[in-house]
Amino acid sequence: MEAFTAHTGRAVPLRRSNVDTDQIIPAHWLKKVTRDGFEDGLFEAWRKDPEFVLNKAEREGATVLVAGPDFGTGSSREHAVWALQNYGFKAVVSSRFADIFRGNSLKNGLLTVVLDQKVVDALQDLVENDPQAEITVDLEAREVRAEGITAAFELDENARWRLLNGLDDISITLQNEGDIAEYESKRPAFKPQTVQI
Amino acid sequence: MGRTLAEKVWDDHVVRRAEGEPDLLFIDLHLLHEVTSPQAFDGLRQTGRQVRRLDLTIATEDHNTPTLDIDKPIADPVSRAQLETLRKNCADFGVRLHSLGDVEQGVVHVVGPQLGLTQPGTTVVCGDSHTSTHGAFGALAFGIGTSQVEHVLATQTLPLARPRTMAITVEGELPDAVTAKDLILAIIAKIGTGGGQGYILEYRGSAIEKLSMEARMTICNMSIEAGARAGMIAPDETTFAYLEGRAHAPKGEDWDAAVAYWKTLKSDDDAEFDAEVVIDAAALSPFVTWGTNPGQGSPLSAQVPDPASYEDASERLAAEKALEYMGLTAGQPLRDIKVDTVFVGSCTNGRIEDLRAAAEIVGGRKVADGVRMLVVPGSARVGLQAVSEGLDKVFKEAGAEWRHAGCSMCLGMNPDQLAPGERSASTSNRNFEGRQGKGGRTHLVSPQVAAATAVLGHLASPADLSDTDARTPAGV
């Protein structure tokens with residue numbers, strides 16, 4: 001995973017609530033067996049509308065998505081995170097993310113930032129009025145900054161440490177392999193096994 | 001202080017707990033399917049890792065599989081390649097796989113319980129959000145992303161922050177016509193699609209205790225649609241009776257030891273939940289969705305709501321967009337909504353009791369002109385059971401299509417899809433835009449409402465059927 005320290009970029013305001021992962025990347029894209037090449041599937045249905053915000057020339061090259069509440073609901077597909085990253089997004093801001101989407105994003109280095117809805121509204125107003133306005137998402141300082149707006153955000157210290165250092169979860173877990181082996185040695189005999197009977 | 005059911009199961013699986021770190025939890029059962037596993041197996045290959053516990057891992061094919069002509073090569077080359085990738089990965093790494101055509105093949109969340117692998121007090125994960133289904137057994141079961149699939153394959157554990165707990169207490173008696181599906185749709189409409197976010201839900205109360213295992217699975221299945229990763233129901237005699245004798249259920253002394261443990265798995269009387277919602281079962285009626293998220297639902301007897309009636313601006317906007325997408329008008333009675341397609345199936349309502357319920361209603365009746373009804377068993381075994389009971393004949397005589405097991409029309413990854421603008425009454429779990437096919441419009445319903453809707457051609461409950469509109473002899 002690529003480390004995330006701070007990022008500054010132009011933004012896309014997405015004024016919709018409950019953007020589910022079927023909207024972020026429709027199911028037929030899930031047949032791919034790689035982690036890349038999903039950028040054209042991002043918001044595929046909505047992008048057919050030339051008025052959709054992502055299709056506007058002034059949003060080209062934007063890297064921060066400022067989304068409505070309950071972003072990433074529904075299916076657990078990690079492809080939704082890959083699609084956002086493949087398209088070029090580095091961070092997503094919302095007042096509330098679905099749990100699985102949030103977990104997936106942080107495991108891939110896509111920073112999902114939770115801010116109060118009124119701050120999200122202010123950021124959306126700002127970037128709607130001025131498409132050139134930049135937003136800084138600073139993980140070291142745990143702060144989002146834009147013209148006239150400074151807002152602190154929370155992220156648990158462990159997740160932050162892993163992101164700042166780009167650490168791979170599996171390697172961290174395997175440092176405690178002894179604990180896993182010990183737990184396994186004490187599991188009750190009645191626990192289910194998948195071996196064919 | 002006492003502990004909740006979720007806390008007990010959690011505590012029993014902590015491999016490592018350290019200050020400032022998420023708990024490392026042991027995973028008892030890892031279910032795999034073709035869609036969310038290929039990149040995880042690739043990760044293992046790149047790092048030279050193996051599957052740590054093949055004896056706790058099992059795979060099936062479900063999302064991409066066609067429900068017709070399953071003996072022929074899969075027509076869509078991309079779907080075929082994904083299934084072939086799963087087959088190769090399972091062969092290379094030694095994972096037990098049930099492929100299309102195998103008697104144990106089916107939707108992953110139907111297969112686990114039916115084999116007796118899903119047991120009380122276990123941790124169950126799968127790269128699929130509807131893993132919450134398995135919580136019906138008092139298991140802690142949740143959907144994970146592909147990075148976590150790789151993590152579980154490599155370590156049989158997951159680092160996780162402990163969620164809060166919410167009690168959903170359903171007291172009283174469900175009216176005759178009201179099913180588990182109506183209940184869960186009503187719960188989601190009440191607490192919202194984000195209401196369960198950060199929580200493990202525990203469904204309890206006298207109305208829950210009376211439900212069969214299959215009905216409990218329907219409830220827990222849709223916990224994710226309320227934003228919760230997991231939903232649980234304390235195991236009881238109904239649970240034990242369902243499990244006893246299944247292929248992978250404990251036997252002999254192991255059974256006795258297991259049941260003794262399972263009986264400890266309930267929330268203590270003095271356990272404290274972080275939140276509680278109370279539902280009066282007697283006040284419920286058949287429930288359907290009108291919008292594009294599962295929280296946008298109303299009793300079937302109601303009208304399409306007016307977006308202007310929502311105080312919250314983002315909810316108002318969401319309702320406006322939903323009505324536009326769904327092609328509905330505020331104030332229109334829900335019963336007036338005509339459908340093109342009826343789908344009975346999925347991990348929510350594709351089990352034998354669901355098929356029996358639908359068959360009882362369409363039996364001796366006819367699917368309305370211009371309506372296509374698909375009946376898709378959740379697993380090959382459910383299909384065989386239905387055939388042994390003659391349900392396939394009942395459906396076929398009514399004019400419905402009887403199919404092979406799979407995810408089918410729950411999501412647009414296989415040939416069973418809605419065409420743009422087509423409208424369905426569906427027993428599945430998601431009414432998202434395009435979920436059942438690009439431009440398709442979905443109303444989530446129970447199997448009973450689905451069957452009555454198929455007969456009348458518009459959203460309806462069995463109570464709307466009269467003796468005259470049907471019960472015509474087969475072939476007339």
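Calculate how large, on average over all directions, the projected area of the Cα convex hull of the stretch B:362-454 is; give the answer in nm² to one decimal. Don't jump to the answer; show the numbers that get you there.
On the way: hull surface 22.5 nm².
Convex hull of Cα atoms, orientation-averaged projection: 5.6 nm².
Given bins 10 angstrom wide, list per bin the percent of all Cα-Cα distances in chain B, short to long.
All Cα pairs, binned at 10 Å, distribute as 4, 21, 31, 27, 14, 3, 0, 0 percent.
Would you mind putting B:312-323, A:70-81, A:98-109 in packing order, based on average other-beta-carbon counts within 10 Å, highest first?
Ranking the peptides B:312-323, A:70-81, A:98-109 by packing returns A:70-81, A:98-109, B:312-323.
In square nanometres, what is the average projected area of the Cα convex hull of the stretch B:46-192?
On the way: hull surface 49.1 nm².
About 12.3 nm², averaged over all directions.
Return one quarter of the surface area of the convex hull spanned by the alpha-carbon atoms of chain A, equal to its mean projected area, in nm². Please list the in-between numbers first.
Values: hull surface 55.5 nm².
For the Cα atoms of chain A, the hull's average projected area reads 13.9 nm².
For the stretch B:160-290, what value does the Rg/Rh ratio take when both radii are computed over Cα atoms and Rh is the Kirkwood radius, given to two decimals? Numbers along the way, then the final one.
Numbers: Rg = 15.6 Å, Rh = 15.7 Å.
Over the Cα atoms of the stretch B:160-290, Rg/Rh equals 0.99.
How large is ³J(HN,Hα), in whole Hz, for each residue of the stretch B:62-72 in order, when computed from phi with the Karplus curve 6.51 cos²θ - 1.76 cosθ + 1.60 and θ = phi - 60°, using x for Gly and Pro?
8, 5, 8, 6, x, 10, 10, 6, 6, 8, 9
Would you please put A:139-146, B:424-431 in order of how densely packed they are, using the mean number of other Cβ atoms within 10 angstrom per residue and starting with the highest? The partial results should precede the final answer.
Working: A:139-146: 16.9, B:424-431: 29.1.
Packing proxy ranking, top to bottom: B:424-431, A:139-146.
Summarise the long-distance tail of P(r) for the stretch A:34-80 by giving the % of C-alpha pairs beyond 18 Å.
Working: 437 of 1081 pairs.
Distances greater than 18 Å cover 40 percent of the Cα pairs.
Please enumerate, by chain and number, the aspartates and glutamates with C-alpha under 17 Å from the C-alpha of residue B:88, excluding those fewer than 8 residues away in the same chain.
Residue B:88 reaches B:34, B:42, B:61, B:62, B:102, B:150.
When the helix-only estimate is applied to chain B (DSSP H runs of n ≥ 4, each -39,500 (n - 2.57), divided by the residue count), what is the mean residue ellipticity at 222 nm, nearest 500 deg cm²/dmol? The partial results should precede the final answer.
Values: 16 runs with 150 residues, N = 476.
Result for chain B, helices only: -9000 deg cm²/dmol.
Using the basic label-point model (7 angstrom from Cα toward the beta carbon), what is the residue A:34 to residue B:71 distance in nanometres?
According to this spin-label approximation, the distance is 3.8 nm.
Counting other Cβ atoms within 10 Å of each Cβ, which GluC sites (Glu not before Pro) in the stretch B:207-247 have at most 16 and sit in a DSSP loop? Could the numbers behind the result be given before it?
On the way: sites: B:209, B:214, B:225, B:237, B:244; in loops: B:244.
Listed in order of number, the matching sites are B:244.
Considering every residue in B:39-51, what mean count of other chain Cβ atoms within 10 Å of its Cβ is obtained?
Values: counts 8, 1, 1, 3, 3, 1, 0, 0, 3, 0, 2, 0, 0.
Across the residues of B:39-51, the mean count of other-chain Cβ atoms within 10 Å is 2.
Antiparallel versus total DSSP beta bridges in the stretch B:332-474: what percent is that, nearest 5? Kindly include the intermediate steps, with their values, before the conclusion.
Working: 1 of 14 bridges.
Counting only bridges with both partners in the stretch B:332-474, antiparallel ones make up about 5 percent.
Ignore the peptide's own chain and count Cβ atoms of other chains within 10 Å of each Cβ in A:99-109; give me the average, rounded.
On the way: counts 14, 11, 2, 2, 9, 5, 1, 1, 7, 3, 0.
Taking the mean over all residues of the peptide, I get 5.
Would you pull out the residues with amide H under 5 Å of residue B:198's amide H, same chain only if 5 or more places away, H placed 1.01 Å from N?
A:99, B:229
May I ask you to order A:151-162, B:4-15, B:133-144 by the average number of other C-beta atoms within 10 Å around their residues, highest value first?
On the way: A:151-162: 15.2, B:4-15: 20.9, B:133-144: 30.3.
Per-residue Cβ counts within 10 Å, averaged per peptide and sorted highest first, yield B:133-144, B:4-15, A:151-162.
Which whole number in µm²/s is D for the protein assembly as shown by Stokes-Einstein, with the Kirkwood Rh taken over Cα pairs at 25 °C and 0.890 mPa s?
Numbers: Rh = 25.2 Å.
D = 97 µm²/s.
How would the stretch A:44-139 be classified by its alpha-carbon gyration tensor: rounded, prolate or oblate, with rounded meaning a/c under 1.5 and the a/b versus b/c comparison settling the rest?
Details: a/c = 1.57, a/b = 1.20, b/c = 1.31.
Oblate, since a/c reaches 1.5 and b/c is not below a/b.
Take every residue in peptide B:409-419, count the Cβ atoms of other chains within 10 Å of its Cβ, and give the average of those counts.
Numbers: counts 0, 1, 6, 5, 6, 3, 0, 0, 2, 0, 0.
That works out to 2 on average.
When Lys and Arg each count +1 and Asp and Glu each count -1, what net charge do the other residues less than 12 Å away from residue B:380, Cβ to Cβ, add up to? Display every interim value, and only then the final one.
Working: positive: B:381, B:403; negative: B:61, B:62, B:102, B:104.
Result for the neighbourhood of residue B:380: -2.
So for the stretch A:100-181, Kirkwood radius off the Cα pairs, Stokes-Einstein at 10 °C and 1.306 mPa s: how many µm² s⁻¹? Spell out each step's value before the answer.
Values: Rh = 14.7 Å.
The calculation lands on 108 µm²/s.
Full extension from residue A:49 to residue A:174: what is 0.36 nm times the residue separation minus their Cα-Cα distance, to one decimal in nm? Present the calculation step by step, with values, prior to reporting the outcome.
Working: separation 125, 0.36 × 125 = 45.00 nm, distance 4.73 nm.
Additional length available on full extension: 40.3 nm.
Evaluate the charge dipole of the stretch B:369-443 about its Cα centre and quote only its size in Debye, nearest 20, assuming +1 on the Cβ of each Lys and Arg and -1 on the Cβ of each Asp and Glu. Show your work: numbers first, answer last.
Working: 10 positive and 8 negative charges, 47 e Å.
The calculation lands at about 220 debye.
Residue by residue through the stretch B:412-421, which ³J(HN,Hα) values in whole Hz follow from phi under the Karplus form 6.51 cos²θ - 1.76 cosθ + 1.60 (θ = phi - 60°), with glycine and proline marked x?
The phi angles translate into x, 10, 9, x, 7, 9, 7, 7, x, x Hz.
With viscosity set to 1.306 mPa s at 10 °C, what whole-number translational diffusion coefficient in µm²/s follows for the stretch B:236-295 from Stokes-Einstein and a Kirkwood radius over Cα pairs? Write down the numbers at each step before the final one.
On the way: Rh = 15.9 Å.
Stokes-Einstein gives a translational diffusion coefficient of 100 µm²/s.
What do you get for trypsin sites (Lys or Arg not before Pro) in the stretch B:190-226 restricted to DSSP loop and a cutoff of at most 15 other Cβ within 10 Å of the site's Cβ? Write out the running numbers ahead of the final one.
Working: sites: B:190, B:204, B:210, B:216; in loops: B:210.
Answer in residue order: B:210.
Using 1/(1 + (r/R0)^6) with R0 = 45 angstrom and r between the beta carbons of residue A:5 and residue A:186, what's the FRET efficiency to the nearest 0.05?
Details: r = 41 Å, r/R0 = 0.92.
Given R0 = 45 Å and the Cβ-Cβ separation, E is 0.65.
None of the figures in this text is laboratory data; all of them are computed from the coordinates on show. This one's a predicted model, so the numbers in the text were calculated from it and none came from an experiment. Glycine also receives a Cβ, built like all others from the backbone with ideal geometry; neighbour counts cover every protein chain displayed.
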